[in-house]
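Worksheet: one structure, shown below.
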């Protein structure tokens, strides 16, 4: 199965916000990554708007539609995000649990405990024709509960795999992702993956877990772009999604 690469542009938004003007432009960055072959765009809209803003979602969704690609809107369960999604109808909404003060997402939903919170939102999104995905830890024992939420897909949280890559726990963490993906597919769920995937660890995952349909990558890709240039970084990540060995920049 071909793995689609969705480029998360949050860090472009963060850099723009740090200066208070419009440079760098998320739209221009989006055009560059799409020209280089990315299959779609991802934005995680947080309530503090420390990177992506609501207007970025509007602008990049319009661009995605012009270019015939998908936009994946990530976020929590707050009313304003759900209402924006219902208004704009992006191709996919990925619901992600948020812990106040976190630097980045660091865990999946706790199912079945959180089922009552997210199931009604998934129903509203699906009624609007939006594909849904929920963030889950690899190796979760709650795949049945995930299916019962009504979600179309899960997104496997891959930070533990990324941290283990190259070490003694690599095989264990790879198997946890593989088993989770296979279990989800057996239940009729699509499989996405994301978090801390990079040019080192992505080719192995792509070869070992055939069920993955989409990876969402932002921080690592944009960090590599500082050394490689954005188009070349996208091209190398595309090769990595095909399981090809890729030369990564020497970053330290």
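The condition of being in contact (Cβ under 8 Å) with a residue 24 or more places away in the chain, more than 17 Å from the chain's Cα centre (by Cα), surrounded by fewer than 17 Cβ atoms within 10 Å (Cβ to Cβ) and under 28 Å from residue 145 (Cα atoms) holds for only one of 245, 186, 179, 171, that being 179.
Being modelled with pLDDT under 95 and buried (at least 20 other Cβ atoms within 10 Å of the Cβ) narrows it down to one residue among 140, 149, 158; which is it? Before the answer, list the steps.
Working: 149 fails: modelled with pLDDT under 95; 158 fails: modelled with pLDDT under 95.
Just a single option satisfies the conditions, and that option is 140.
Screening the candidates 197, 125, 121 for the property of being surrounded by 15 or more Cβ atoms within 10 Å (Cβ to Cβ), outside any helix (DSSP H, G or I) and modelled with pLDDT of 95 or more yields one hit, 197. For the residues 177, 191, 247, 234, the requirement of being under 16 Å from residue 162 (Cβ atoms) and touching a helix residue (DSSP H, G or I) at 6+ places or on another chain (Cβ under 8 Å) singles out 177. Within segment 207-232, the only residue that satisfies the criterion of being more than 20 Å from residue 69 (Cβ to Cβ), in a helix (DSSP H, G or I) and touching a strand residue (DSSP E or B) at 6+ places or on another chain (Cβ under 9 Å) is 219.
The values are calculated or read from the model by the stated rules, or taken from the named source; none is laboratory data. From a predicted model like this one, the values you see are computed outputs, not experimental measurements. Using ideal geometry, Cβ is built from the backbone for each residue, glycine included, and neighbour counts are taken over all protein chains shown.
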